[in-house]
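Peer 1: Structure below; questions to follow.
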Amino acid sequence: MVTTHNLGFPRIGAGRELKFALEAYWKGQSSRDELNSLGAQLRQRHWKNQSGLDFVPVGDFSFYDHILDMSFTLGNLPERVRGFQGEALDNYFRVARGRSVSQDACCGVQAGEMTKWFDTNYHYIVPEFAATTEFALDASRLLAQLAEARAQGINVKPVIIGPVTYLWIGKTKDGSDKLALLERLLPVYGELLNLLAAHGVEWVQIDEPVLVTELDTEWRHALTLAYHHLKTSRVKLLLATYFGQLQDNLHLACTLPVAGIHLDAINAQSEVTQLADLLPSYKVLSLGVVNGRNIWKTDLDATLDWLQPVHHRLGDRLWIAPSCSLLHVPVDLSGERKLDPEIRSWLAFALQKLDELKILAAALNQGRAAVAAELEDNRAAIAARRASARVNNPAVKAALAGITPASGRRKSVYAVRARQQAALLNLPAYPTTTIGSFPQTAEIRLARSRFKSGELDEAGYKVAMQAEIARCVHEQEALELDVLVHGEPERNDMVEYFGEQLDGYAFSQFGWVQSYGSRCVKPPILFGDISRPKAMTVEWIKYAQSLTAKPMKGMLTGPVTILNWSFVRDDQPRSVSCRQIALAIRAEVLDLEKAGVRVIQIDEAALREGLPLRKAQWRQYLDWAVDAFRIAANGVQDDTQIHTHMCYSEFNDIMAAIADMDADVITIETSRSDMELLDAFDGFKYPNEIGPGVYDIHSPNIPTREHIVQLMRRAEARIPAERLWVNPDCGLKTRQWAEVIPALRNMVAAARQLRTI
């Protein structure tokens, strides 16, 4: 009999209950007991949602981030929070966001660095190490959830991050070798596994996604060392890999002394036979046969065609699961009553993916006839999507064919453009700006909700949004910022807003996924060829520009970010879809320029995130990704200044590609990582202008003028002062005006000080 299990479940709740509970707690509007109670209710519901599986994950629920959870389990707290007494949850939130509740007495603590989890849009809190780091087990969180699940009658499989991946994704703060900490770390892992065994646990899922990356000899040896140390534990280890192929690590994975291996068969189906050949007969092989990263229905017939021979060969040694944790997809499709019925019939969210898994298991265990009706329904949906005339647009394909090399080139080189832009814009040294959005207030959200429900007509909504734009412009002029933005009150999300106005996209009501902490996004569904029926932003930007004599930035999301933050069709190469979006954004850029907007920002926050996990594949991705940005940006005149923005990723190793984008100005996150990004400029002379983010907008803490000046001085050591901008590290939509005004006031004051020295 095939065994079914899951690697992880969405935490936030079908109605984003966790988001609202967290934000209420942080504001002091609810108690710790109320937050803990809500967490218990969500866990209970989610375990019930997964009933029918042979093993259900425990420990995948988190109040903020599962990597931060692992840091606390291992006793690896940053030194700056160790002196605070009280509840562990408060220290947990201090590391996550700089403080716990609004009135936290230690509001000046620096939040932990945040970056992308492999090639996803999920952000984790980076573990911090030093040569002196010690580890000490605190398994209370995991044991408490284990007891809860057992009380509910769940057959549990605890989930933890593996020791090598934990070290690999962390950073040392003193330049020491983090791999040298493995010897101290492994005894704590061994203690944890034996403690779980003492509590009656049979299987533990230990995640080592580092195995799908390129590893040097030292890291490969670390894996061997780690699992030979842990093999004495009294639990069975299921070593889980996901997001890619094992490739040169396949033989290594097979030789590690674990009881089973999970392979992402969505990305690595070609490795299934080889893995089955190499695995000893006492090890189980878990295959991820349902896509945990996208929302299209699984072709069950096609999956069974290749899976049945594997099952026939392995028998009870075959386990099946989603390819990775379902953290990356929405919870439930059943409530999507407003979604186009045809498109809805093509989709599967987390609960529906688990249903697909059960159908596959029944077909393997009992024969396809046992689930004939379910297979026929799936067959019809797959065929309908392939045949739908809504998916393919000949006009879009013709437009793609018209792209030439000249489409991606500016008329003149940067040095020539910079002189013309300086003459036109007349900006001071260290010009100040923001990244685009301003706080999304309760009034904005109410107006948007009333407009969508029909309580507010289009004219009334326009008046409400113009009032918010006027407020943003007034506040920026009072602060004396140099280049203004309209604040984006009309935008629900930087990708969804554009997707709603492009043909080829569909939208869910409740398709939320966690980006970080309480931040949730609702990715649009890219199901067909993309085109732009009409201008999307011009009216709002023109209105904002009419309110001020200062330059007003037109704000757009770039084609790569729109692609990477969408649920993308899987029936054509991503590069083709990206170029389709690029042509749509190019048309918007040209319309903004025609309307008199001379500064246009095209955000590419997700450029790094789409990078393949193996460097050997980077060039191909970067070629089409950079090309798509250049197609979108480079139809303008030389005196139109093009900005782009990137945030919360590692960019040091792709600076040459970023330079190839040829944006006149790039703004980039550096505040939370202590300007570490600027190390890239020691060996790479970035040719254009750059704004290193000096205000960490993901924390409620307000940066001081002195701190901002200090950060900019570090930037000056690597980048000529005449090419530096001063700005926050991201948009301000998630912050409150009471935080934003003093922070920006300090930022402007810092720029003035820099100009006078």
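The values are calculated or read from the model by the stated rules, or taken from the named source; none is laboratory data. Here the structure is a predicted model, which means the values were calculated and not measured. Neighbour counts are summed over all protein chains in view; Cβ atoms, including those assigned to glycine, are modelled from backbone coordinates with ideal geometry. Side chains are part of the model used for accessible areas, which takes the heavy atoms of the whole protein and leaves out ligands, DNA and RNA. Shrake-Rupley method; radii C 1.70, N 1.55, O 1.52, S 1.80 Å.
Peer 1: Could you check the spin-label model distance between Ala151 and Ala88? Points 7 Å from the Cα along Cα→Cβ, value in nm.
Peer 2: Simple spin-label model gives 1.7 nm for this pair.
Peer 1: Along the charge dipole of the stretch 161-248, pointing to its positive end and built from +1/-1 on Cβ of Lys, Arg, Asp and Glu, which listed residue (Ser233, Thr213, Gly170) has its Cα farthest out?
Peer 2: Positive-end residue among those listed: Ser233.
Peer 1: Of all beta bridges DSSP finds with both residues in the chain, what is the antiparallel percent, to the nearest 5?
Peer 2: 15 percent
Peer 1: Right, next: R0 = 45 Å: FRET efficiency of Asp377 with Leu179, Cβ-based, nearest 0.05? Provide the component values of the computation, followed by the final result.
Peer 2: Values: r = 51 Å, r/R0 = 1.12.
Result of the calculation: an efficiency of 0.35.
Peer 1: I need the P(r) histogram for the chain: all alpha carbon pairs, bin width 10 Å from 0 out to the longest distance, whole percents.
Peer 2: 2, 14, 24, 27, 20, 10, 3, 0, 0
Peer 1: Suppose R0 equals 41 Å; then what is the FRET efficiency for Arg337 and Glu480 from their Cβ-Cβ distance, rounded to the nearest 0.05?
Peer 2: Values: r = 49 Å, r/R0 = 1.19.
Once the sixth-power term is evaluated, E becomes 0.25.
Peer 1: Considering the options Leu732, Ala395, Asn49, tell which one lies farthest towards the positive end of the dipole of the chain, charges being +1 on Lys and Arg and -1 on Asp and Glu at the Cβ, about the Cα centre.
Peer 2: Ranked along the dipole, the leading option is Ala395.
Peer 1: Peptides 393-406, 367-380: what's the order by average Cβ count within 10 Å, highest mean first?
Peer 2: Details: 393-406: 11.6, 367-380: 14.1.
Descending mean neighbour count gives 367-380, 393-406.
Peer 1: Cross-link partners among lysines for Lys171, C-alpha distance below 18 Å, same-chain residues fewer than 8 apart left out?
Peer 2: Lys116
Peer 1: Charges at C-beta only: +1 for Lys and Arg, -1 for Asp and Glu. How large is the resulting dipole of the stretch 572-715 about its Cα centre, in Debye rounded to 20? Don't jump to the answer; show the numbers that get you there.
Peer 2: On the way: 15 positive and 23 negative charges, 56 e Å.
Using Cβ point charges on Lys, Arg, Asp and Glu, the stretch 572-715 gives about 280 debye.
Peer 1: Moving on. HN-Hα J couplings of the stretch 655-668 from phi, Karplus 6.51/-1.76/1.60, θ = phi - 60°, integer Hz, Gly and Pro as x?
Peer 2: 3J(HN,Hα) across the stretch 655-668, in whole Hz: 4, 4, 5, 5, 5, 5, 5, 6, 5, 5, 9, 10, 10, 8.
Peer 1: Can you work out ³J(HN,Hα) from phi for every residue in the stretch 332-345, in order, using Karplus 6.51 cos²θ - 1.76 cosθ + 1.60 and θ = phi - 60°, giving whole Hz and x for Gly and Pro?
Peer 2: Calculated HN-Hα couplings, in order: 8, 7, 5, x, 7, 7, 8, 6, 3, x, 5, 5, 4, 5 Hz.
Peer 1: Please report the net charge: other residues with Cβ closer than 14 Å to the Cβ of Leu42, K and R +1, D and E -1. Before the final figure, lay out each step's value.
Peer 2: Values: positive: Arg11, Arg16, Lys19, Arg43, Arg45, Lys48; negative: Glu17, Glu34, Asp60, Glu148, Asp332.
Net of charged neighbours comes to +1.
Peer 1: Among DSSP beta bridges lying fully in the stretch 501-584, give the percent that are antiparallel, nearest 5.
Peer 2: Numbers: 6 of 8 bridges.
Taking every DSSP beta bridge with both residues in the stretch 501-584, the antiparallel ones total about 75 percent.
Peer 1: Please state the charge dipole magnitude for the chain, taken about the Cα centre, from unit charges on C-beta atoms (+1 on K and R, -1 on D and E), reported in debye and rounded to the nearest 20.
Peer 2: Values: 83 positive and 91 negative charges, 141 e Å.
The dipole magnitude comes to about 680 debye.
Peer 1: Round to the nearest 10 and report in Å² the accessible area of Thr640, as given by a 1.4 Å probe over the protein chains' heavy atoms.
Peer 2: Counting only protein heavy atoms, the figure is 0 Å².
Peer 1: Between Ile658, Gly610, Gly693, whose Cα lies farthest towards the positive end of the dipole of the stretch 578-713 when Lys and Arg beta carbons carry +1 and Asp and Glu beta carbons carry -1, centred on the Cα centre?
Peer 2: Of Ile658, Gly610, Gly693, it is Gly610.
Peer 1: Can I ask one more? So between Leu225 and Leu425, what do we pick up on full extension, going 0.36 nm a residue minus the alpha carbon distance? Before the final figure, lay out each step's value.
Peer 2: Working: separation 200, 0.36 × 200 = 72.00 nm, distance 5.95 nm.
Value of the extension gain: 66.0 nm.
Peer 1: Taking 0.36 nm per residue of sequence separation and subtracting the Cα-Cα distance, how much length would be gained by fully extending the chain between Ile757 and Glu23, in nm to one decimal?
Peer 2: 260.1 nm
Peer 1: What are the residues whose amide H is under 5 Å from the amide H of Trp319, where those residues sit 5 or more places off or on another chain and H is modelled from the backbone?
Peer 2: Residues meeting the amide H criterion: Thr3, Leu285, Ser286, Leu287.
Peer 1: Estimate the FRET efficiency between Arg450 and Trp737 by the formula 1/(1 + (r/R0)^6), using the beta-carbon distance for r and 22 Å for R0, to the nearest 0.05.
Peer 2: On the way: r = 21 Å, r/R0 = 0.97.
The computed FRET efficiency comes out at 0.55.
Peer 1: What net charge is computed for the residues neighbouring Ala147, neighbours being all others with C-beta under 12 Å from the C-beta of Ala147, Lys and Arg scored +1, Asp and Glu -1?
Peer 2: +2
Peer 1: Taking H placed 1.01 Å from N in the peptide plane, check which residues at least 5 places from Asn492 or on another chain put their amide H under 5 Å from its amide H.
Peer 2: HN-HN under 5 Å from Asn492: Tyr497.
Peer 1: Same structure, new question: Return the subset of Lys397/Lys462; Lys297/Lys338; Lys19/Lys462 for which the Cα-Cα distance in this structure is over 23 Å, preserving the input order.
Peer 2: Numbers: Lys397/Lys462 35 Å; Lys297/Lys338 19 Å; Lys19/Lys462 29 Å.
The answer is Lys397/Lys462; Lys19/Lys462.
Peer 1: Take the solvent-accessible surface of the protein heavy atoms, probe 1.4 Å, and return the percent of it on the chain that carbon and sulfur atoms account for. Walk me through the intermediate numbers first.
Peer 2: Numbers: 14090 of 27430 Å².
With neighbouring chains kept in place, the figure for the chain is 51 percent.
Peer 1: I want to check the label-to-label distance for Gln572 and Ala369. Put each point 7 Å from Cα in the C-beta direction and report it in nm to one decimal.
Peer 2: 4.3 nm
Peer 1: Taking the Cβ of Ser412 as the centre, find all other residues whose Cβ is under 14 Å away and add up their charges (Lys, Arg: +1; Asp, Glu: -1).
Peer 2: Working: positive: Arg409, Arg410, Lys411, Arg417, Arg419; negative: Asp638, Asp639, Asp662, Asp664.
Surrounding charge for Ser412 is +1.
Peer 1: Right, next: Using a cut-off of 17 Å between alpha-carbon atoms, which aspartates and glutamates can reach Lys173, once sequence neighbours fewer than 8 places away in the same chain are excluded?
Peer 2: Hits, sequence-local ones excluded: Glu79, Glu113, Glu128, Glu134, Glu650, Asp674, Glu676, Asp679.
Peer 1: Which of the peptides 25-38, 435-448 is most tightly packed, and how do the rest follow, going by the mean number of other Cβ atoms within 10 Å of each residue? Don't skip to the end; give the middle numbers.
Peer 2: Details: 25-38: 14.9, 435-448: 19.1.
Going from most to least packed, we get 435-448, 25-38.
Peer 1: So what's the angle, to the nearest 10 degrees on a 0 to 90 scale, between helix 618-633 and the longest Cα principal axis of the chain?
Peer 2: Helix 618-633 and the main axis of the chain meet at about 30 degrees.
Peer 1: At what distance in nm do the modelled label points of Lys534 and Lys550 sit from each other, each positioned 7 Å from its Cα along Cα→Cβ?
Peer 2: Reported label-point gap for Lys534 and Lys550 is 3.2 nm.
Peer 1: Express in whole angstrom the spacing between the alpha-carbon centres of the stretch 605-641 and the stretch 209-248.
Peer 2: Taking the Cα centre of each part, the stretch 605-641 and the stretch 209-248 sit 33 Å apart.
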